[in-house]
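The values are calculated or read from the model by the stated rules, or taken from the named source; none is laboratory data. This is a predicted model, so every value here is computed, not measured. When we count neighbours, we look across all protein chains shown, and the Cβ atoms used for this are built from the backbone with ideal geometry, even at glycine.
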Amino acid sequence: MKPYSLALGLSMAFGLAAGAQAQTTTLKIGYATSPESHYGVGSKVFCDEVEKGTQGRYKCQHFPNSALGGEREQIEAVQLGTQDLVNTSTGPVGNFVPEVKIVDIPFLFRDYDHARKVMDGPIGQDILAKFPSKGIVALAWTENGFRHMTNSKRDIVKPEDAKGLKMRTMENKVHMDGYRAFGILPTPMAFPELFGALQQGTVDGQENPIPVILAAKFSQVQKHLSLTGHVYSPALLLLSPKVWGKLSDADKKVFTEAARKAGAAQRKKVNEDEASGVATLRSQGMTVVENVDKPAFQAALKTAYEGYAKEFGADNIRKIQDVK
């Protein structure tokens with residue numbers, strides 16, 4: 001072979017190798033709230049870690065503020081492979097993976113420490129293992145937070161105060177059964193429609209964690225906040241099996257570890273928002289009821305809990321309650 005032919009061949013080979021190395025796959029990740037919210041923070045950490053761990057072979061394009069639709073639509077898109085990732089609350093997930101519904105039971109978790117131990121322990125990890133058979137890969141638990149009630153009518157201290165209020169809920173039967181026990185009229189509605197519905201008075205109120213109430217600016221359309229903490233709302237980082245199937249074992253480890261770090265960052269942001277958020281919402285004009293009659297709310301759930309025990313098994317509920 002002539003020297004110039006050899007040189008040409010080598011340069012082409014190196015060029016191809018460099019091209020292959022530089023090839024980047026851009027993943028679409030969606031979530032319901034702003035880039036500055038807990039979902040935005042967790043998603044950014046995940047994407048930064050993936051980009052770093054794969055030397056830039058994978059990066060993300062973010063679609064915050066429900067730009068790709070409500071959570072249910074986004075989960076469907078991930079399942080179909082038309083969207084790569086979603087960072088979602090568990091609210092609509094039970095429609096796809098029924099085993100998730102148990103964690104949506106009202107007053108199941110004592111506090112954040114209890115909830116996080118359950119999610120990170122065998123119970124939570126067993127639930128994650130149920131996803132692949134439903135056509136979804138659950139990379140890790142992230143977090144939404146303990147849910148509180150807001151409304152435009154009155155302060156809520158005990159269940160009777162909530163009676164008759166038309167309250168937006170997620171498309172989640174477990175939540176709705178519980179809220180009916182409080183005398184609430186649950187009105188399922190996708191999150192992107194909620195602000196307008198509150199503004200127009202289509203619904204009287206809604207329930208969400210402090211980080212969401214802050215990020216969604218609900219103080220502009222809601223006067224009363226009650227720190228009911230009635231449901232712990234975990235969240236999930238879900239990946240399309242189409243993407244997962246193309247990853248090498250090494251990249252799968254990168255994605256899984258990135259998701260774990262994302263969950264930790266999202267929880268940290270929830271902690272920060274919980275610590276400062278109530279004062280912020282007060283300064284924005286909301287009246288805040290801190291001393292809610294939680295025992296009265298729990299007592300109101302007696303019949304609902306009988307239904308939950310039939311659906312999920314009393315032993316399974318007790319196992320979660322007994323985690324220390």
So, in segment 71-92, of the ones that are among the β-branched types (Val, Ile, Thr) and out of contact with any Asp or Glu (no Cβ under 8 Å at 6 or more places or on another chain), which residue ends up farthest from Tyr31 (Cα to Cα)? Thr82
Hey, which of the helices (runs of 4 or more DSSP H) in segment 1-108, taking only ones fully inside, have at least 3 residues that are modelled with pLDDT of 95 or more and at negative phi? 38-53, 71-80
If I ask for residues that are touching a residue at least 60 places away in the same chain (Cβ under 8 Å) and over 24 Å from Val45 (Cβ atoms), which ones from segment 83-108 would you list? Gly94, Asn95, Lys101, Ile102, Asp104, Ile105, Pro106, Phe107, Leu108
Residue count for segment 257-297, restricted to those that are part of a helix (DSSP H, G or I), touching a helix residue (DSSP H, G or I) at 6+ places or on another chain (Cβ under 7 Å) and within 25 Å of Gln222 (Cβ to Cβ): 11
Taking the condition at pLDDT 95 or above, surrounded by fewer than 22 Cβ atoms within 10 Å (Cβ to Cβ), under 27 Å from Asp293 (Cα atoms) and of a type outside the set (A, V, I, L, M, F, W, C), does Ser248 pass? no
Only one of Gly164, Gly121 is surrounded by fewer than 16 Cβ atoms within 10 Å (Cβ to Cβ) and free of Cβ contacts under 8 Å to residues at least 24 places away in the same chain, namely Gly164
With respect to Gly70, is the statement that it is over 28 Å from Ala216 (Cα atoms) and either surrounded by 16 or more Cβ atoms within 10 Å (Cβ to Cβ) or under 15 Å from the mean Cα position of the chain (by Cα) (or both) true? no
Could you tell me which of the residues Phe46, Phe109, Phe63 is surrounded by 18 or more Cβ atoms within 10 Å (Cβ to Cβ) and over 25 Å from Leu194 (Cβ atoms)? Phe46
For Met176: the one exception among (1) in contact with a Lys or Arg (Cβ under 8 Å, 6 or more places away or on another chain); (2) in a helix (DSSP H, G or I): (1)
Considering only residues that are of a type in the set (Val, Ile, Thr) and under 14 Å from the mean Cα position of the chain (by Cα), which ones fall in segment 93-126? Val93, Val100, Val103
Leu225 fails exactly one of (1) part of a helix (DSSP H, G or I); (2) buried (at least 23 other Cβ atoms within 10 Å of the Cβ), namely (1)
Does segment 117-144 hold any residues that are among the hydrophobic types (A, V, I, L, M, F, W, C) and in a loop (DSSP other than H, G, I, E, B), and which are they? Ala129, Phe131, Ile136
Just checking, which of Ala275, Ala265, Ala216, Ala304 is exposed (fewer than 15 other Cβ atoms within 10 Å of the Cβ) and either of a type in the set (A, V, I, L, M) or over 21 Å from Met149 (Cβ atoms) (or both)? Ala275
Of all residues in segment 147-161 being buried (at least 21 other Cβ atoms within 10 Å of the Cβ) and in contact with a strand residue (DSSP E or B) (Cβ under 7 Å, 6 or more places away or on another chain), which is nearest to His38 (Cα to Cα)? Arg147
